[in-house]
Ligand SMILES: C[S@@+](CC[C@H](N)C(=O)[O-])C[C@H]1O[C@@H](n2cnc3c(N)ncnc32)[C@H](O)[C@@H]1O
């Protein structure tokens with residue numbers, strides 16, 4: 001595996017700071033690396049993320065890429081697979097075999113990811129939904145698929161239990 005982190009979550013040109021903040025918090029808590037592909041629809045500053053409720057920013061292993069082309073150059077140096085979550089994909093994610101080092105990418109809230117990104121991906125994965133319903137919130141989609149990927153590769157953090165695990169700790 002190329003890096004210390006078992007997986008990477010890539011945010012393609014995020015539109016909504018609250019969603020980006022939720023996904024970066026997810027990355028911090030699960031020990032998943034994050035990649036931000038610019039331009040975003042909001043300034044990628046610490047102030048904006050903190051206002052969106054992300055107070056774990058210093059715990060996120062994050063790379064920023066000025067364009068998709070720059071991200072692709074970086075990815076080529078790492079030799080990592082790109083797995084795009086897309087409402088246009090036909091392959092359901094629960095049947096996909098994830099590997100350590102995989103990069104799971106989510107698209108924009110407004111428009112998903114463009115054809116160029118679909119073509120570049122090693123796999124395009126779909127979360128099956130009930131007929132007639134369009135899509136999930138992007139952070140929910142990211143959480144579902146990262147959870148399955150971490151389960152498959154046994155990549156969840158081995159965190160300490162706070163207290164004795166039976167209930168609220170004594171003050
Ligand atoms: C709100 S959705 C994008 C909606 C956009 N109109 C489209 O159809 O692509 C934002 C992102 O969440 C992810 N997503 C949401 N629902 C999904 C699903 N059922 N399967 C795969 N990815 C999904 C995708 O990465 C998508 O680009």
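Observations on the structure shown:
- Residue list for region 25-48, filter: closer than 12 Å to residue 142 by Cα, modelled with pLDDT of 95 or more and out of contact with any helix residue (DSSP H, G or I) (no Cβ under 7 Å at 6 or more places or on another chain): 27
- Only residues that are without any contact (Cβ under 8 Å) to a residue 12 or more places away in the chain and more than 10 Å from the ligand (Cβ to nearest atom) were counted in region 136-155, giving 3.
- Residue list for region 82-98, filter: more than 10 Å from the ligand (Cβ to nearest atom), in a loop (DSSP other than H, G, I, E, B) and loosely packed, with under 15 Cβ neighbours inside 10 Å: 90, 97
- On the stretch given as region 1-24, residues that are out of contact with any helix residue (DSSP H, G or I) (no Cβ under 9 Å at 6 or more places or on another chain) and under 17 Å from residue 85 (Cα atoms) total 0.
- Residue satisfying condition, being near the ligand (Cβ under 8 Å from one of its atoms), out of contact with any strand residue (DSSP E or B) (no Cβ under 8 Å at 6 or more places or on another chain) and more than 22 Å from residue 21 (Cβ to Cβ), within set 129, 133: 129
- Check on residue 44, in a loop (DSSP other than H, G, I, E, B), farther than 23 Å from residue 135 by Cα, free of Cβ contacts under 8 Å to residues at least 60 places away in the same chain and touching a strand residue (DSSP E or B) at 6+ places or on another chain (Cβ under 9 Å): yes
- Search result, residues across region 92-111 that are out of contact with any helix residue (DSSP H, G or I) (no Cβ under 9 Å at 6 or more places or on another chain) and more than 17 Å from residue 152 (Cβ to Cβ): 110, 111
- Counted residues, region 104-126 - those being surrounded by 18 or more Cβ atoms within 10 Å (Cβ to Cβ), more than 7 Å from the ligand (Cβ to nearest atom) and in a loop (DSSP other than H, G, I, E, B): 1
The values are calculated or read from the model by the stated rules, or taken from the named source; none is laboratory data. Bear in mind the structure is a predicted one, so any value in this text is a computation, not a measurement. Using ideal geometry, Cβ is built from the backbone for each residue, glycine included, and neighbour counts are taken over all protein chains shown.
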